[in-house]
Amino acid sequence: MKKYVVLLFALLLIAGCNNDDNNNQNPFLPNYNFSIDINKDLPLYSPLNFTGNPVFINQSGVGINGVIVMNTGSGYTAFEATCPNQNITSCSQLDIEGINAVCPCDGVEYSLFTGLGAGVQYPLKSYRVQVVSASVIRVSN
């Protein structure tokens with residue numbers, strides 16, 4: 001009987017492990033492959049050297065409408081700069097307001113620390129951030 005309990009526990013533990021972070025579950029946002037290295041020594045990206053200063057990166061081929069990167073104090077977050085809870089339109093590029101991103105279409109505010117917005121189904125689409133060196137971080141999906 002003990003063996004069955006251990007086996008059942010192991011199966012539940014394995015079933016609970018999931019490598020999918022729901023990044024691909026949003027029907028409104030397609031997935032585009034990209035990778036960008038950000039040099040924090042450049043004036044454009046120097047706000048990333050300080051906690052709570054988001055930077056909007058709007059380069060061709062980087063995300064759908066660009067990427068918002070922020071130093072959280074314990075690391076970095078990077079989010080798609082597109083409203084996650086509606087179809088892509090001319091008003092769906094997020095605006096930065098302090099430590100929040102705001103969707104101009106519906107006025108929903110999303111935390112740039114967590115990517116969460118109040119009362120909406122989907123959070124901001126997050127991207128991977130890797131610290132390459134003391135002055136360079138890499139954002140990719």
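Using the structure shown, decide if V62 is under 17 Å from the mean Cα position of the chain (by Cα) and of a type outside the set (D, E, K, R). Yes.
For region 76-127, a residue qualifies if it is of a type in the set (G, A, S), farther than 23 Å from D37 by Cβ and surrounded by 17 or more Cβ atoms within 10 Å (Cβ to Cβ), and the qualifying residues are S92, S111, G117. Applying the criterion of being exposed (fewer than 12 other Cβ atoms within 10 Å of the Cβ) and either under 14 Å from the mean Cα position of the chain (by Cα) or under 21 Å from L124 (Cα atoms) (or both) to the residues of region 32-43, the residue that is modelled with the lowest pLDDT is Y32.
For (1) in contact (Cβ under 8 Å) with a residue 12 or more places away in the chain; (2) assigned to a strand (DSSP E or B), each residue gets a yes or a no:
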site	(1), (2)
I36	yes, yes
L44	no, no
G52	yes, no
G63	yes, no
I68	yes, yes
S74	no, no
F79	yes, yes
Q86	yes, no
T89	yes, no
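When region 93-113 is examined, which residues are found to be over 18 Å from N141 (Cβ atoms), in contact with a strand residue (DSSP E or B) (Cβ under 8 Å, 6 or more places away or on another chain) and part of a loop (DSSP other than H, G, I, E, B)? Listed by number, the residues that qualify are I99, C103, P104, V108, F113. Listed conditions (1) modelled with pLDDT under 95; (2) farther than 13 Å from I36 by Cβ are all met by N141, apart from (2).
The values are calculated or read from the model by the stated rules, or taken from the named source; none is laboratory data. Only a predicted model underlies this, so the values are computations on that prediction, with no experimental measurement involved. For neighbour counting, all protein chains shown are included, and Cβ atoms are generated from backbone atoms with ideal geometry for every residue, glycine included.
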